[in-house]
Amino acid sequence: MWFVRFLVSSIGKKFIMAASGLLLFLFLCTHVAGNATIFMSSKVFQSYADELHSHPLIVLVFSLGLLGVFLAHIFVGLYLFYQNRAVSNSRYAVCTRVVKYSFASETMPYTGLFLLVFLVVHVFGFTFSPKTVLISVTVQQLLSNFFYALFYILGFVALTIHLSHGFWSMLQTFGFNHPRYNFLISRLTIVIPLFFFLVFAGIAFYFMTGLGASY
Amino acid sequence: MTSINLTLKIWRQPNNDALGGFETYLLDGIHTDMSFLEMLDVLNEKLTKEGKDPVAFDHDCREGICGMCGAVVDGVAHGPEKEVTLCQLHMRHFHSGDTLVIEPFRSRAYPIKKDLLVDRSALDRIIQAGGYVSVNTGGTPDGNSIPIPSQQAELAMDAAACIGCGACVASCPNGAAMLFTSAKISQLALLPQGQVERKNRALAMVEQMDKEGFGNCTNAKECEAVCPKGISIRNIARMNKEFFKAILTEG
Ligand code: HEM
Ligand code: SF4
Ligand code: FES
């Protein structure tokens, strides 16, 4: 079957990484927009959350879809990591990287795994929080804790590093590599992760420092 | 003429089954006009005179076009200079007193035959799987009977510059052979002559590449940084598209 052949091929697995990465990126775009309402007021944020959860079926379908995308991304990513390690572990006595700025690409599995830890904490903290407390209150309570907020900020540092290779890498895998657009892509690969960082980490910072005490 | 003194640490391994290890050699009075391979020739002459086994290494044209030579020097395939093969790397890029660590190209798909000599026939088998155009022989066609836009011709020539040395695999942190394979797929996919077998070629060559036990690309870009012919990873992007289109519509 062509689909099985595609999935077992090396390029097919790269496509799964890139396609699931694209969906996660799109999810981040919606998530960042929703969360940015925190900067307006707790009321706006609460009404955004209430509006979202007044459509339980949509939330359920999207959550399950997102879970599937995450699982695909994580399992194929880890599979490739172990497969590549078997091929290449300590091949040379001296190993020099010629490419500059290779930190993000070398640490993809590690920044990814840190994100996984973050996700578990995040989902248990917010998604499965007691339904008796308003979500706008939970957010403030949890993130007012210095170490909780610090952990969040570290999570977003990992996300920024992960995407600073991932965004470009995704487009390369899809076959977008053209001298006319490469400069634009290289800039977007810096600007987009930084934008996510500013908004997401900004929220943690907002409550951590007490700026958002009476939001 | 300047000359330099070097300490060489070279990987010695009698055959694929034997355990290998580094041997250290002191080499004095190396002229800086020599190529890296000529420097190894001087070492081998010395070893032969001492009744020792000379260091085995691959080479043929010694002018950077055949793709036979190659070793990893101080952790970089084909040595520290950009866009040159080992045979075209000159000793003027090194300094007296340097210690050079010389290792064979390593990959799961490259069995070591002896010392720096590795078996890269896995790359040949990728070519055999589809890196050709089938033509029924006949009279020589007239020049320019097939019009080719010059931009296409240039891109195809850029890809065709690959000499199949295999340094891309040796330098890839994952041991992937995507740069080589993508150059060989691209050079034909870009030309009218390559259209008939275009889809089957992409499928067959990628399948063979996977079968040979190369690693999986994670877009680390090391291959294009060491490639002596400056093959761009734009070819890998093109190969991904070729493979995707082919698998959606063929087989
Ligand atoms: C949260 C949002 C995330 C986004 C937007 C994202 C995006 C991406 C992208 C675009 C790639 C590159 C795909 C390619 O090479 O073509 C990638 C690679 C990878 N990601 Fe993620 N990722 C996310 C979360 C995670 C998580 C939670 C993990 C947890 C394990 C993870 C692990 C990996 C791994 C292991 C790779 C492969 C790196 C490699 O092939 O060397 N990612 N990611
Ligand atoms: S792509 Fe470059 S490094 Fe790889 S085999 Fe061809 S010439 Fe050698
Ligand atoms: S010996 Fe031919 S390329 Fe180096």
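The values are calculated or read from the model by the stated rules, or taken from the named source; none is laboratory data. Since the structure is predicted, the reported quantities are computational estimates derived from the model, not experimental observations. Note: ideal-geometry Cβ built from the backbone for every residue, glycine included; neighbour counts use all protein chains shown. The area values use the complete protein model at the heavy-atom level, side chains included, leaving out ligands, DNA and RNA. Shrake-Rupley method; radii C 1.70, N 1.55, O 1.52, S 1.80 Å.
Taking the residues in segment B:43-64 that are in a helix (DSSP H, G or I) and among the basic types (K, R) as candidates, determine which candidate is least open to solvent (accessible area, probe 1.4 Å).
Pass one, segment B:43-64, residues in a helix (DSSP H, G or I): B:43-49.
Filter once more, keeping what is among the basic types (K, R): B:46, B:49.
On the way: B:K46: 81, B:K49: 167 Å².
Among residues in segment B:43-64 that are in a helix (DSSP H, G or I) and among the basic types (K, R), the one least open to solvent (accessible area, probe 1.4 Å) is B:K46.
Looking at segment B:58-81, which of its residues are in contact (Cβ under 8 Å) with a residue 24 or more places away in the chain and within 14 Å of chain A (Cβ to nearest Cβ)?
Within segment B:58-81, B:G70, B:A71, B:V72, B:V73, B:D74, B:G75, B:V76, B:A77, B:H78, B:G79 qualify.
For segment A:20-42, name all the residues that are touching a residue at least 60 places away in the same chain (Cβ under 8 Å) and not hydroxyl-bearing (S, T, Y).
Here is the first cut: in segment A:20-42, the residues touching a residue at least 60 places away in the same chain (Cβ under 8 Å) are A:21-22, A:25, A:28, A:32, A:35-36, A:38-39, A:41-42.
Across segment A:20-42, the qualifying residues are A:G21, A:L22, A:F25, A:L28, A:V32, A:N35, A:A36, A:I38, A:F39.
How many residues are in contact with a Cys (Cβ under 6 Å, 6 or more places away or on another chain) and among the aliphatic types (A, V, I, L, M) when one looks only at segment B:35-60?
Adding up the residues that qualify gives 1.
Every residue in segment A:175-213 that is under 20 Å from A:A104 (Cα atoms), within 14 Å of chain B (Cβ to nearest Cβ) and open to solvent by less than 50 Å² (accessible area, probe 1.4 Å), please.
If the condition is that a residue be under 20 Å from A:A104 (Cα atoms), within 14 Å of chain B (Cβ to nearest Cβ) and open to solvent by less than 50 Å² (accessible area, probe 1.4 Å), then A:N177, A:I185, A:S186, A:T189 are the ones that fit.
Check whether at least one residue in segment A:108-121 is within 14 Å of chain B (Cβ to nearest Cβ) and without any contact (Cβ under 8 Å) to a residue 12 or more places away in the chain, and report yes or no. Explain how you work it out, then say what you get.
Here is the first cut: in segment A:108-121, the residues within 14 Å of chain B (Cβ to nearest Cβ) are A:108-112.
Applying the additional criterion that residues be without any contact (Cβ under 8 Å) to a residue 12 or more places away in the chain yields A:110.
Checked against the condition, which is being within 14 Å of chain B (Cβ to nearest Cβ) and without any contact (Cβ under 8 Å) to a residue 12 or more places away in the chain, segment A:108-121 yields at least one hit.
Which of the residues belonging to segment B:111-129 are in a helix (DSSP H, G or I), within 13 Å of ligand 2 (Cβ to nearest atom) and open to solvent by 10 Å² or more (accessible area, probe 1.4 Å)?
Here is the first cut: in segment B:111-129, the ones in a helix (DSSP H, G or I) are B:121-129.
Among the residues that remain, those that are also within 13 Å of ligand 2 (Cβ to nearest atom) are: B:122-124, B:126-127.
Within segment B:111-129, B:D124, B:I127 qualify.
Which one of A:L28, A:L67 is within 15 Å of ligand 1 (Cβ to nearest atom) and either among the aromatic types (F, W, Y) or touching a Phe, Trp or Tyr at 6+ places or on another chain (Cβ under 7 Å) (or both)?
A:L28
Give all pairs with beta carbons closer than 9 Å in which a residue from segment B:186-206 that is without any contact (Cβ under 8 Å) to a residue 40 or more places away in the chain meets a residue that is crowded, with 20+ Cβ neighbours inside 10 Å and not in a helix (DSSP H, G or I); count only pairs at least 6 apart in sequence or on separate chains.
From residues that are without any contact (Cβ under 8 Å) to a residue 40 or more places away in the chain, the pairs are B:Q187/B:G131; B:Q187/B:C162.
Which condition number does B:L40 fail, the rest of (1) out of contact with any Lys or Arg (no Cβ under 8 Å at 6 or more places or on another chain); (2) surrounded by fewer than 22 Cβ atoms within 10 Å (Cβ to Cβ); (3) assigned to a helix (DSSP H, G or I) being met?
All conditions pass for B:L40, except number (2).
Which members of segment A:144-159 meet the condition of being surrounded by fewer than 21 Cβ atoms within 10 Å (Cβ to Cβ) and of a type outside the set (G, A, S)?
Correct list: A:N145, A:F146, A:F147, A:Y148, A:L150, A:F151, A:I153, A:L154, A:V157.
Would you be able to tell me the number of residues in segment A:32-52 that are open to solvent by 50 Å² or more (accessible area, probe 1.4 Å) and in a helix (DSSP H, G or I)?
Residues of segment A:32-52 that are open to solvent by 50 Å² or more (accessible area, probe 1.4 Å), as a first pass: A:33, A:39-40, A:43-44, A:47-48, A:50-52.
Filter once more, keeping what is in a helix (DSSP H, G or I): A:33, A:39, A:43-44, A:47-48, A:50-52.
The total comes to 9.
Looking at segment B:94-110, is at least one residue surrounded by fewer than 20 Cβ atoms within 10 Å (Cβ to Cβ), at pLDDT 95 or above, assigned to a helix (DSSP H, G or I) and not β-branched (V, I, T)?
no
Taking the condition of being surrounded by fewer than 24 Cβ atoms within 10 Å (Cβ to Cβ) and either assigned by TED's automatic domain parsing to the domain that holds B:P80 or within 11 Å of ligand 2 (Cβ to nearest atom) (or both), how many residues in segment B:180-195 meet it?
1
Against the definition (more than 13 Å from ligand 1 (Cβ to nearest atom), among the aliphatic types (A, V, I, L, M) and open to solvent by less than 80 Å² (accessible area, probe 1.4 Å)), how does A:V76 come out, yes or no?
Spelling it out, it is not the case that A:V76 is more than 13 Å from ligand 1 (Cβ to nearest atom), among the aliphatic types (A, V, I, L, M) and open to solvent by less than 80 Å² (accessible area, probe 1.4 Å).
Taking B:A159 as the residue in question, decide whether it is within 11 Å of ligand 2 (Cβ to nearest atom) and more than 12 Å from the chain's Cα centre (by Cα). Talk me through it step by step, then tell me what you get.
Numbers: within 11 Å of ligand 2 (Cβ to nearest atom): yes; more than 12 Å from the chain's Cα centre (by Cα): yes.
Yes.
State whether one or more residues within segment B:200-216 are in contact with a strand residue (DSSP E or B) (Cβ under 9 Å, 6 or more places away or on another chain) and either within 16 Å of ligand 1 (Cβ to nearest atom) or open to solvent by less than 40 Å² (accessible area, probe 1.4 Å) (or both). Full working, then the answer.
Taking segment B:200-216 first, the residues in contact with a strand residue (DSSP E or B) (Cβ under 9 Å, 6 or more places away or on another chain) are none.
No, there is no match, as no residue in segment B:200-216 is in contact with a strand residue (DSSP E or B) (Cβ under 9 Å, 6 or more places away or on another chain) and either within 16 Å of ligand 1 (Cβ to nearest atom) or open to solvent by less than 40 Å² (accessible area, probe 1.4 Å) (or both).
Can you tell which of B:A160, B:A177 is open to solvent by 40 Å² or more (accessible area, probe 1.4 Å), small (G, A, S), outside the structural domain of B:L43 (by TED's automatic domain parsing) and modelled with pLDDT of 95 or more?
Details: B:A177 fails: open to solvent by 40 Å² or more (accessible area, probe 1.4 Å).
Only one candidate qualifies: B:A160.
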